[in-house]
Each structure stands twice: as structure tokens, then as C-alpha cells.
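Enquirer: What follows is a structure written as C-alpha cells; I'll ask about it next.
The values are calculated or read from the model by the stated rules, or taken from the named source; none is laboratory data. Keep in mind that this is a model prediction, so the values were computed, not measured. Because the Cβ atoms are built from the backbone with ideal geometry, glycine has one as well, and the counts that use them run over all protein chains shown. Remember, those area values only see protein heavy atoms, side chains included, never the ligands or the DNA or RNA. Shrake-Rupley method; radii C 1.70, N 1.55, O 1.52, S 1.80 Å.
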Amino acid sequence: MQNKYFVSRFYKSWRIFIENPLGKTGVIILGVFMIMAVASFFVPLINPMYDPMTGIDPDIKLSTGPGLTHWLGTDNVGRDILAQLLEGAKVAFVVGLSAAFFSIVIGTLIGMIAGYSGGLVDAFLMRIADIIMVLPSLVILLILASLFGQFNIWIIVFIIAILRWPAVSRVIRSQTLSLKHRPFIEASRVAGASHVRIVLRHIMPNVLPLAFLYMTFRVTSAILVEAALSFLGFGDPSQVSWGMMLQWVWKSGHMFQAPYWLIPPGLCISLLTLAFYMLGRAMDEVLDPRLRKEGRSG
Amino acid sequence: MSLLSVDHLSIGYQTKKGLLRAVDNISFDLEQGQSLGFVGESGCGKTTIGMALMGLLPENAVILNGHIRFQGEDLISLTETQWQAVRGAKIAMIFQAAMNALNPVMPVGEQIKEAIITHQPDISKTHLADRMTELFDLVDIPARRMKDYPHEYSGGMKQRAVIAMALACDPALIIADEPTTALDVIVQDQILREIKQVQETTRTGLVFISHDIAVVASVCEQICVMYAGQIVETGTRKEVFKSPRHPYTRTLLNSYLSLDNLNDIRVPDMKESPDQMVETNECRFANSCPACSSACSGRFPDWIDVSATHKVFCCNPDMIRRGRGKS
Amino acid sequence: MEKAESKNRFLVEMRQVTKAYASRKKLFSRSSQQVLALNSIDLGIEHGEIFGLVGQSGSGKTTTGRLLVKLESPTAGEIFFDQTPISQLKGSRLKAYRSRVQMIFQDPYQSLNPHLSIAETVMEPLIVQKAGTPDTRMEKVIHTLETVGLLPGKAFFNRYPHQLSGGQRQRVAIARAIVLEPQFIVADEPTSMLDATIAIQLFKLLGQIKETFGMTLLFITHNLAAARYMCDRIAVIHDGHIVEVNTADNIIRHPEHPYTKKLIKVQPGFKYTR
Ligand SMILES: Nc1ncnc2c1ncn2[C@@H]1O[C@H](COP(=O)(O)OP(=O)(O)OP(=O)(O)O)[C@@H](O)[C@H]1O
Ligand SMILES: Nc1ncnc2c1ncn2[C@@H]1O[C@H](COP(=O)(O)OP(=O)(O)OP(=O)(O)O)[C@@H](O)[C@H]1O
Ligand SMILES: [Mg+2]
Ligand SMILES: [Mg+2]
């Protein structure tokens, strides 16, 4: 059976959401980046020299400024900066969304389990969450990177997810606690439903909106962590990302000579994280009063 | 000018199967200091009217036509910001499930305090404390339980707390949707008297919604009986309850249980409720009507005046005027 | 020997049951106040009877019901169902108990999950107790919805709780409780939101279900008239104590305890009745 109620609620929220100036701006910026990410698949097809990693313009040996064949210029080995920027958008989405997604999945599960079971399980899981929460994630990543060398992009995603679930799980846990004693949960217990069923069927749909809200904030932090890591030289060398581009600018000593190379990736990082942040804030405004008013309907 | 005047109001709900006409062509007036009671079957649209008066209809509701005028102002055209100045301050509502509106993580006393402060930001500490004790007294909750959280209250206590909250801001019109449904008879008795007294002394208008005819009869002078989205009978309390004319009103009165009428209770059969998806002029009660006869066929119900104040919506004027149908 | 025989009459028996809730501990204060919701209750409900529990708000009616369906455990005392102490039920025996004992919750605004459709809500007990096949379940659900007067059932089963009126939700809650045809139902104010016509229809219906399935019913209410109409015996509860138990007629005609007399006095008389 389709959960139509969920869908209709989503549409309603979407309307309020898009009327919110923060939400609207966020969605527009996000839309532009999405177009860029999609474009990154097609640009190398136009001409192999536009491949962000291996495409080298045979006529160019040095970093050059914007021109007709290379709208944003090239880097010091003659690769197209615009192509790299597009590729970076794709990578940022992949890294940001998947890291956020995994941390939300882990956080939601742990939060629901902790809140629902209570007692020792709860205390144990929340202590772990506390410990991880106070760890400075960037420092941890740097230490790990210096121990194991440069990371594959998926390992970075995984580590970010592992380090970023606690905040989510705290929120989901408190929401679960308030749901646990609601009569509809008790009614289902009286019917003989198992704990697993109660958590998945009754608690999860009620906490998911909150989990999605937190996901947008997680995306922001995941993108920033990946960029910082790449800039510091611990990124995945086989992937072009905005952080990696900044690393190349810096390493090749073009920091102050090639603003056309330095500014675009920096600007993109700021804009994309800002967009996700605005989305989260707007969603917060849409969801929050509802979460508080839940059950008043009538 | 009436305090509240509702004119040919129709409200529908957008559903997957089409438009459900929950409130159909309803008109009534309420003067200052008057109390008007709505009774009727579960699901007949009472809450929908209440929500429309508060501007709190759910998003899938549409006002199909009609007007709601409050102190001369058209409420239907108000924007959400304009509503905020009206709601709570001029019109207060006690919800059907009001006890769920309490914040579970805040002591009950704090929540009532907040309600007072929102409307009287400059109230002094001592006045506030006095008002709080007064309100808790009014609804008969021991003051020492002010600091307790909602889940530590019984259902009835929560409802009493919410009533205190609505009374906190001295509104011009109170809409009470089943305010005592969750209460036991002892407290209900007290609260009803309390609501009536507050209403009479402050000359507040009162729209009182309940499925319980005894409750409505004890609070309101004017009564509207509803069935399937329509008002079927309206008049003073005495007219409607002492000489009910509409067959539905009679069915309702006949099935009311009290301690001394157990033996002459009539249990009506369960019938399919009328289809409220279609717009029709036909009688909606026909299917369940004990007095439906060949005299009704081919006729549409219309308003029949029994007296200046007593009106009945039926398609059999002879039966209504005679005052006794076969039932 | 004699004692054991007399016990057998009872399907449900509460012996010396006490339930205390700890009030929230205040910061910096050692003593935690206790609310005694039930104080040494003795209660026996016979096979096949409708037993009324009448009392004021906060007197402990709902608490009694919650103890019986094992949502809560007593602080002291023991509850027996069919001679078995229910505190010892665990695992599959607890699940079996849950299929025999159901509760209609007091507040239909809180007891329906807003994210589940009416069909999903009513079907849940069938699914978790593995009763019937997916096809027969749907039929059973529609049939049960129609039994409680949500006619036609097909018009309701796809809706969500927020699309129903208060009384319609209450009937969904009743449908969920009876769909498994349990042996014992705790009905916590099952008609508090229904108008007289539908309430009386449901009373009749509960009576019929009771007859056909040989069900036993604990009927919680503060409406003495309804209790008298429905019940064989009535217990009056006041502040966690049972103050009087008697047959329905006797308790109304010859009340003994002053509190019972007070309750009878405040029952809403409807002086306009015919
Ligand atoms: N949001 C909604 N969407 C669709 N239908 C709705 C919605 N809210 C209410 N309804 C339907 O509209 C009708 C009127 O509902 P309303 O809540 O006004 O009834 P009521 O008279 O207050 O009943 P009760 O006494 O049971 O509370 C009912 O048939 C109900 O199922
Ligand atoms: N979880 C809880 N924590 C603390 N106190 C509680 C809790 N649940 C109930 N109580 C208290 O126990 C007493 C009995 O409550 P109960 O809900 O059984 O009353 P009731 O008879 O059902 O009343 P009502 O008619 O209002 O529903 C009340 O004083 C209530 O405040
Ligand atoms: Mg209602
Ligand atoms: Mg109760």
C-alpha cells in the first residue's frame, strides 16, 4: 500500500518551503550546481581535451587566463578549469550526499534503538555518541591520513559518516522518547507487535522528516571536510574535486598569479555549502512548528 | 450588528475520491452575550464549522461559498497575519482534542503563564501569580500540581488545564468544541457552570459544539441540530428539546440514555450514511428516517417555520406543522 | 478447596493490586513524591459478563485497564487471567495473551498512528498475530469497519486519521480492538465522543459481539446511565480504591457508599426528554 499521506504532506511542505526566500534561493543555487554536475558528463564528449583529469590542450603548456576555447582558462598543465569545476560539482554532490546519507542512516538507527530500548543500551550508545561528538573530525582525518597516506574517495565518505552520526542520533533519540509512550504505539504493543515492527512501522515514519532535515546540514559539513582534506593534500589524487583544484593552485605556486584559477573553486565550495545550509534552515522553519503541533489536528 | 453572522456557508474537503461537502449551506447569527449550541451526529461537520470560525481549516479544505462576519469584519478574506491578531485575542477556541495541544516537555503551569503573558506582556509578577491561582481554582486543579508535566495529569486534568488557558485572555467569542468530552460528570458539571458563568458575566458570545444533547441543553439558549453537513432544525432550547419536530432530532432524543429511561430507549438500525460527495437537493436523512413516507417522494426539503424562532428543514410540511409524525 | 472453586468463576482477577507512579524527582530534593493511582484493589470479572468501572477523572480507571492489558506492571499484587498470573507471561505466551486481550483506548486522537491508513491500522493486529491470509484480511477489515458503523467500509479504509472526525476515529479504534475477536476487551470510554444515536448503536453492537464470541468486557466510563444500560455488575472507584461493587440495578437503586450517591446525583439529567 502506497503511503499517499506522506506524499501529500510532502507537497504541502514543498509549497510553504518554496515560498520561503531562504528556501527559494537555496533551491535556485542548488539547481545551477546540479546542471553543472550533469554537464560534467557531456563536456569530455565534445572534445577529449576537455577531460578534467587527462585532457590536455596540446597548444598550451602553461596556465592561461580565460579565452574562447577555455572559458575559465587552463591550469599549469593545460587542463580546462571549467571542465574541472563541473567535475568538482559532481564529486561534491556524490561526497556530500552519500556521506550525509550514511550518517543519517546510522544516526537514525542508533537514535531509534537507544530511545526505544532505554536503560543500559541507551546509556551505552549515547556515551559513544558523546565521545565521537567531541572528537575534532578534521584532526582525526588528518591523523589517519598521515598514517595511511592518501585516501580513496569512498573511504573519506565512510569516515565522515562514522564521525558525523552522533548529532543526528541525539535528535532522533529524543523524538523517539516522546513517541514511545504515545497511545498509538501502545495500541500496537497491545496487539502483540514486536519491537522491530514498532520501530520500523510506527516510529520510523514519524522521525523521518526530522532525519531528512538533518541530512541537509550534514551535506554542508561533509563537503567542507572533503574540501579541506583535499586542499591539505590528503584527498583522492585520482579524483578532481574543488578542494583538489585549490591544492593544485597552491602546489604549483599560482596562488597569487592566477585568480581565474583560484577563485572559481573557492566560490563554488562556499556557494554550494551555503545553498544546503539555506535549504536546511528553510526546512527547519517548515517542519519545526509542525513537529511541535503534531497531533493537534482535528 | 450581530457579533457573528454566518451566511450560506459551504465547506468542502478535497479527497482522493472527490469533493466531500462537509458543511452545506449553513446560516446562523449570534448576538453578543448569546450562546449557540451545535449538536448532531458524529462526522456531521460541527468541528469543521468551528475550525472555519477560527481560520484553522486544514489545507485540503475549501470554502465553496458564503460569508463569515465577525464584528462586521469578513473573516474569510483575512490573511494569515491578520488572523493572528484575531485568534486567541478576540476569538478563543477550546479544541476537541485540546489536551494534545499541551507541550509535553513544559510544566503545565508554565504553559498557562505563557498564554497570559502573550496577551498581557506587562502584567506584574504578583498579578500573574494571582491570575494563575484563580485559573487553576476555576478548573479545580490543585495549585501544587502547576509544576507537573502533562503526562503526569489524567486525561481530564489536561483538558481542564486547556480550558484555563483559553479563558486566560478574555476573548469576545469563545468557540468550544466538545470541551468536556474527556471529563467525568462531576467536573463536567462544574466546568459547564463555569463556562456559562464566565460567558454571562463577560457577555462573551459562545459557540458550543457537542454531540451530547444534555450538555448543549445545559449551556445554550439557541440550538442548531445538524445532520450530514446541514442544519435540520433550529430554535430555542425549549422549542427544540421540548417539542422536537424534525425526525432526526427525535431519533437523537429517543436514543439518549439517562438513569430513568432505560426501558424506553429505541435503538435505531445502523444505516449507510448519505453520500456527501454529490451535490443534491434531496433529503439526506431519507435513508434513515423513521417518518419517511410516500409524501416525501418527489419533494425537496425546505425551511418550514414552526414559530418565529423555530425552523425545521424537511420535505413534509404537514407532518412538521402537525407536530407528530408516525415514529 | 471451596476457595479454589469460587475463583474459577473469574476470567480476570486482580488481587491486592497497587500501582504507584513516581512523580518527577525535583532537582536537589531527595524525596520523590508518589502518586498512588491504585491502592490495594481486589476485583474479579466473571466469564462472559460486562463489568463496569465507574469513577471520577483521575480515580485510576485507565490505570486499571493498562495493568490488565499488561502495558504496565503492578507495584504490588498480582493479576490473574484464566488462573494464570500474567506477570509471568513472556515471549510467545505473552503474544498469545495479547491476541486474547485487547483494549479500546480512551483518546482516539492519540491512539491512531497519523502515518497509517485506516486499513493498515485495523489490519495490524491480524498481521502481527498471523491471522488469515492477505486476501481474507482485507475482507475482514472491511467487514469490521462496517460492523462498527463506518458504512460503507470501502469509503473509509483508504483514509488517514486526520481525515476523520473524532467519532469516526473512535470507531476505528473499536474496530482495531475487535478485529481479532478477543476473549476479553478493556473498553476505556469507548463512546465518549459519539452522539447518542451512534453510542446506543455501538452499545447494542458490543452486546451482540459479546454474545456471539462469548466475550468478556471491562467497560470503563463515567456515565452511570451507560454503565447501567451495558453492564451486569458495576464497581465504583474513587481515588484508587474500589468503594462499592454490586449488580448494575442495585448500585443505582440502592447505593450504599456516599461517593456513589454523589455520583448518581450529578449525572446529567435531561429534563426535556419527551
Ligand atoms: N481533513 C479532512 N479531509 C477529508 N475529510 C475530512 C477532513 N476532516 C474531516 N473530514 C470529514 O468531514 C466530515 C465532517 O467532519 P467534522 O470533523 O467536522 O465532524 P464533527 O461533526 O466534528 O464530528 P465529531 O462529533 O465526530 O467530532 C466527516 O465525514 C469527516 O470524515
Ligand atoms: N505515567 C504517570 N505518571 C504519573 N502519574 C500518573 C501517570 N499516569 C497516571 N497518573 C496518575 O494516576 C492517577 C490515575 O490516573 P488514570 O489515568 O488512571 O485516571 P482515570 O480514572 O482514567 O481518569 P480520566 O477519567 O481522566 O481518564 C491520576 O492522578 C494521574 O495523574
Ligand atoms: Mg468534531
Ligand atoms: Mg482514563
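Enquirer: Out of B:78, B:53, B:19, I need the residue that is among the aliphatic types (A, V, I, L, M), free of Cβ contacts under 8 Å to residues at least 24 places away in the same chain and either open to solvent by less than 30 Å² (accessible area, probe 1.4 Å) or within 13 Å of ligand 1 (Cβ to nearest atom) (or both). Which one?
Expert: Details: B:53 fails: free of Cβ contacts under 8 Å to residues at least 24 places away in the same chain; B:19 fails: free of Cβ contacts under 8 Å to residues at least 24 places away in the same chain.
Only one candidate passes the filter, namely B:78.
Enquirer: Restricting attention to the range C:85-95, and to residues there that are open to solvent by less than 50 Å² (accessible area, probe 1.4 Å) and under 19 Å from residue C:182 (Cβ atoms), which single residue is nearest to the other protein chains (Cβ to nearest Cβ)?
Expert: Here is the first cut: in the range C:85-95, the residues open to solvent by less than 50 Å² (accessible area, probe 1.4 Å) are C:85-86, C:89, C:94.
Subset that is under 19 Å from residue C:182 (Cβ atoms): C:86, C:89, C:94.
On the way: C:86: 13, C:89: 12, C:94: 8 Å.
My answer is C:94.
Enquirer: Among the residues that make up the range A:105-119, is at least one of them touching a helix residue (DSSP H, G or I) at 6+ places or on another chain (Cβ under 9 Å) and loosely packed, with under 15 Cβ neighbours inside 10 Å? Give the derivation first.
Expert: Step one: list which residues in the range A:105-119 are touching a helix residue (DSSP H, G or I) at 6+ places or on another chain (Cβ under 9 Å), which gives A:105-118.
If we keep only those that are loosely packed, with under 15 Cβ neighbours inside 10 Å too, we end up with A:118.
Yes: the range A:105-119 contains one or more residues that are touching a helix residue (DSSP H, G or I) at 6+ places or on another chain (Cβ under 9 Å) and loosely packed, with under 15 Cβ neighbours inside 10 Å.
Enquirer: Could you figure out which of (1) under 16 Å from residue C:267 (Cα atoms); (2) within 8 Å of chain C (Cβ to nearest Cβ); (3) within 16 Å of ligand 4 (Cβ to nearest atom) isn't true of residue B:156?
Expert: (1)
Enquirer: Can you tell me how many residues within the range A:168-183 are part of a helix (DSSP H, G or I) and either open to solvent by 30 Å² or more (accessible area, probe 1.4 Å) or not hydrophobic (A, V, I, L, M, F, W, C) (or both)?
Expert: If we filter the range A:168-183 for residues that are part of a helix (DSSP H, G or I), which is where we start, we get A:168-180, A:183.
Narrowing the set further to residues that are either open to solvent by 30 Å² or more (accessible area, probe 1.4 Å) or not hydrophobic (A, V, I, L, M, F, W, C) (or both) leaves A:169-171, A:173-178, A:180, A:183.
Total meeting the criteria: 11.
Enquirer: For residue B:282, indicate whether it is more than 25 Å from residue C:200 (Cα to Cα), more than 16 Å from ligand 2 (Cβ to nearest atom) and open to solvent by 20 Å² or more (accessible area, probe 1.4 Å). Show your work before the answer.
Expert: Values: more than 25 Å from residue C:200 (Cα to Cα): yes; more than 16 Å from ligand 2 (Cβ to nearest atom): yes; open to solvent by 20 Å² or more (accessible area, probe 1.4 Å): yes.
In short, yes.
Enquirer: Looking at B:170, B:189 in this structure, which one is within 15 Å of ligand 2 (Cβ to nearest atom), open to solvent by 30 Å² or more (accessible area, probe 1.4 Å) and farther than 18 Å from residue B:50 by Cβ?
Expert: B:189
Enquirer: Here is a further query. Please specify each residue of the range B:25-46 satisfying the condition of being surrounded by fewer than 22 Cβ atoms within 10 Å (Cβ to Cβ) and either within 12 Å of ligand 1 (Cβ to nearest atom) or in a loop (DSSP other than H, G, I, E, B) (or both).
Expert: The answer is B:31, B:32, B:33, B:34.
Enquirer: Please enumerate the residues belonging to the range B:190-207 that are more than 10 Å from every other protein chain (Cβ to nearest Cβ), out of contact with any strand residue (DSSP E or B) (no Cβ under 9 Å at 6 or more places or on another chain) and free of Cβ contacts under 8 Å to residues at least 60 places away in the same chain.
Expert: Keep residues of the range B:190-207 that are more than 10 Å from every other protein chain (Cβ to nearest Cβ), which gives B:191, B:193-207.
With the extra rule that they be out of contact with any strand residue (DSSP E or B) (no Cβ under 9 Å at 6 or more places or on another chain), the set shrinks to B:191, B:193-194, B:197, B:201-203.
The answer is B:191, B:193, B:194, B:197, B:201, B:202.
Enquirer: Just one of (1) within 16 Å of ligand 1 (Cβ to nearest atom); (2) free of Cβ contacts under 8 Å to residues at least 12 places away in the same chain trips up residue C:212, so point out which.
Expert: If we test residue C:212 against (1) within 16 Å of ligand 1 (Cβ to nearest atom); (2) free of Cβ contacts under 8 Å to residues at least 12 places away in the same chain, just (1) comes out false.
Enquirer: Here's another thing I want to ask about it. If only one of C:233, C:171 is under 28 Å from residue B:39 (Cβ atoms) and in contact with a helix residue (DSSP H, G or I) (Cβ under 9 Å, 6 or more places away or on another chain), which one is it? Step through it out loud before you land on a result.
Expert: Working: C:233 fails: under 28 Å from residue B:39 (Cβ atoms).
Being under 28 Å from residue B:39 (Cβ atoms) and in contact with a helix residue (DSSP H, G or I) (Cβ under 9 Å, 6 or more places away or on another chain) holds for just one of C:233, C:171, which is C:171.
Enquirer: Out of the residues in the range C:207-226 meeting the condition of being in contact with a helix residue (DSSP H, G or I) (Cβ under 8 Å, 6 or more places away or on another chain) and within 12 Å of another protein chain (Cβ to nearest Cβ), tell me which one is farthest from residue C:261 (Cα to Cα).
Expert: Our first condition is that a residue be in contact with a helix residue (DSSP H, G or I) (Cβ under 8 Å, 6 or more places away or on another chain); within the range C:207-226, this holds for C:207, C:209, C:215-226.
Subset that is within 12 Å of another protein chain (Cβ to nearest Cβ): C:207, C:220-226.
Working: C:207: 27, C:220: 19, C:221: 16, C:222: 14, C:223: 14, C:224: 11, C:225: 14, C:226: 17 Å.
The selected residue is C:207.
Enquirer: Hey, another quick one. In the range B:256-267, is there at least one residue being modelled with pLDDT under 90 and within 19 Å of residue C:151 (Cα to Cα)?
Expert: The initial filter retains those residues of the range B:256-267 that are modelled with pLDDT under 90, namely B:256-267.
The next check asks that each one be within 19 Å of residue C:151 (Cα to Cα); those that pass are B:267.
Taking every residue of the range B:256-267 in turn, at least one turns out to be modelled with pLDDT under 90 and within 19 Å of residue C:151 (Cα to Cα).
Enquirer: Do you know which residues across the range B:124-156 are within 14 Å of ligand 2 (Cβ to nearest atom) and under 13 Å from residue B:190 (Cα atoms)?
Expert: Going residue by residue through the range B:124-156, those that are within 14 Å of ligand 2 (Cβ to nearest atom) are B:139-142, B:144-156.
If the condition is that a residue be within 14 Å of ligand 2 (Cβ to nearest atom) and under 13 Å from residue B:190 (Cα atoms), then B:139, B:140, B:141, B:156 are the ones that fit.
Enquirer: Identify all residues within the range C:192-202 that are facing chain B (nearest Cβ under 8 Å), assigned to a helix (DSSP H, G or I) and hydrophobic (A, V, I, L, M, F, W, C); write none if there are none.
Expert: C:196, C:198, C:199, C:200
Enquirer: Are there any pairs, at least 6 apart or on different chains, whose C-beta atoms fall under 6 Å, with the first in the range C:38-61 and within 9 Å of chain B (Cβ to nearest Cβ) and the second of a type in the set (D, E, K, R) and within 16 Å of ligand 1 (Cβ to nearest atom), and if so, which?
Expert: Short answer, once both residue conditions are applied: none.
Enquirer: Moving on to the next point. So, in the range B:101-128, of the ones that are in contact (Cβ under 8 Å) with a residue 40 or more places away in the chain and not in a loop (DSSP other than H, G, I, E, B), which residue ends up farthest from residue B:1 (Cα to Cα)?
Expert: B:108
Enquirer: If you don't mind, another one. Filter the range B:218-240 for residues that are among the small types (Gly, Ala, Ser) and either open to solvent by less than 10 Å² (accessible area, probe 1.4 Å) or within 16 Å of ligand 4 (Cβ to nearest atom) (or both) and give the result.
Expert: Within the range B:218-240, the subset among the small types (Gly, Ala, Ser) is B:218, B:228-229, B:235.
B:228, B:229, B:235 - these are the residues of the range B:218-240 that are among the small types (Gly, Ala, Ser) and either open to solvent by less than 10 Å² (accessible area, probe 1.4 Å) or within 16 Å of ligand 4 (Cβ to nearest atom) (or both).
Enquirer: Turning to a different aspect of this structure: Check B:143, B:115 and return the single one that is touching a Cys at 6+ places or on another chain (Cβ under 9 Å) and either of a type in the set (S, T, N, Q) or open to solvent by 10 Å² or more (accessible area, probe 1.4 Å) (or both).
Expert: Working: B:143 fails: touching a Cys at 6+ places or on another chain (Cβ under 9 Å).
Answer to the check: B:115.
Listed here are the residues, each with its yes/no results for (1) modelled with pLDDT of 90 or more; (2) farther than 20 Å from residue A:201 by Cα.
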{"position": "C:145", "(1), (2)": "yes, yes"}
{"position": "C:175", "(1), (2)": "yes, no"}
{"position": "C:179", "(1), (2)": "yes, no"}
{"position": "C:197", "(1), (2)": "no, yes"}
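Enquirer: Mind checking which pairs have a first residue in the range B:31-49 that is within 14 Å of another protein chain (Cβ to nearest Cβ) and a second that is among the acidic types (Asp, Glu) and more than 6 Å from ligand 1 (Cβ to nearest atom), Cβ under 7 Å, 6 or more apart or different chains?
Expert: Matching pairs, first to second residue: B:40/C:195; B:41/C:195; B:42/C:195; B:47/B:177.
Enquirer: Somewhere in the range B:296-313, is a residue open to solvent by less than 10 Å² (accessible area, probe 1.4 Å) and either within 29 Å of residue C:168 (Cβ to Cβ) or not in a strand (DSSP E or B) (or both)?
Expert: Looking for residues that are open to solvent by less than 10 Å² (accessible area, probe 1.4 Å) and either within 29 Å of residue C:168 (Cβ to Cβ) or not in a strand (DSSP E or B) (or both), one finds at least one in the range B:296-313, hence yes.
Enquirer: Could I ask something else about it? Check C:122, C:69 and return the single one that is β-branched (Val, Ile, Thr) and within 16 Å of ligand 2 (Cβ to nearest atom). Reasoning before the result, please.
Expert: Details: C:122 fails: within 16 Å of ligand 2 (Cβ to nearest atom).
Among C:122, C:69, only C:69 is β-branched (Val, Ile, Thr) and within 16 Å of ligand 2 (Cβ to nearest atom).
Enquirer: Only one of B:258, B:243, B:210, B:273 is within 13 Å of another protein chain (Cβ to nearest Cβ) and surrounded by 24 or more Cβ atoms within 10 Å (Cβ to Cβ). Can you tell me which?
Expert: On the way: B:258 fails: surrounded by 24 or more Cβ atoms within 10 Å (Cβ to Cβ); B:243 fails: surrounded by 24 or more Cβ atoms within 10 Å (Cβ to Cβ); B:273 fails: surrounded by 24 or more Cβ atoms within 10 Å (Cβ to Cβ).
Only one candidate passes the filter, namely B:210.
Enquirer: Among the residues of the range A:134-152, how many are assigned to a helix (DSSP H, G or I) and either closer than 13 Å to residue A:173 by Cβ or not aliphatic (A, V, I, L, M) (or both)?
Expert: Narrowing the range A:134-152 to residues assigned to a helix (DSSP H, G or I): A:134, A:137-148.
If we keep only those that are either closer than 13 Å to residue A:173 by Cβ or not aliphatic (A, V, I, L, M) (or both) as well, we get A:137, A:146, A:148.
The number of residues fulfilling the criteria is 3.
Enquirer: Of all the residues that make up the range B:50-62, how many are farther than 20 Å from residue B:90 by Cβ and away from every other protein chain (no Cβ under 13 Å)?
Expert: Start the filter on the range B:50-62 by keeping residues that are farther than 20 Å from residue B:90 by Cβ, which leaves B:58-62.
With away from every other protein chain (no Cβ under 13 Å) added as a condition, the list becomes B:62.
Residues in the range B:50-62 being farther than 20 Å from residue B:90 by Cβ and away from every other protein chain (no Cβ under 13 Å): 1 in total.
Enquirer: Residue check, residue C:252 against (1) touching a strand residue (DSSP E or B) at 6+ places or on another chain (Cβ under 9 Å); (2) crowded, with 23+ Cβ neighbours inside 10 Å; (3) within 13 Å of chain B (Cβ to nearest Cβ), all met but one. Which one?
Expert: Every listed condition holds for residue C:252 apart from (2).
Enquirer: Also, I was wondering about something else. Given the range C:118-189, what helices (runs of 4 or more DSSP H) lie entirely inside it while holding 2 or more residues that are more than 22 Å from residue B:272 (Cα to Cα)? Break it down stepwise before answering.
Expert: On the way: elements: C:118-128, C:134-147, C:166-178.
The qualifying helices (runs of 4 or more DSSP H) are C:118-128, C:134-147.
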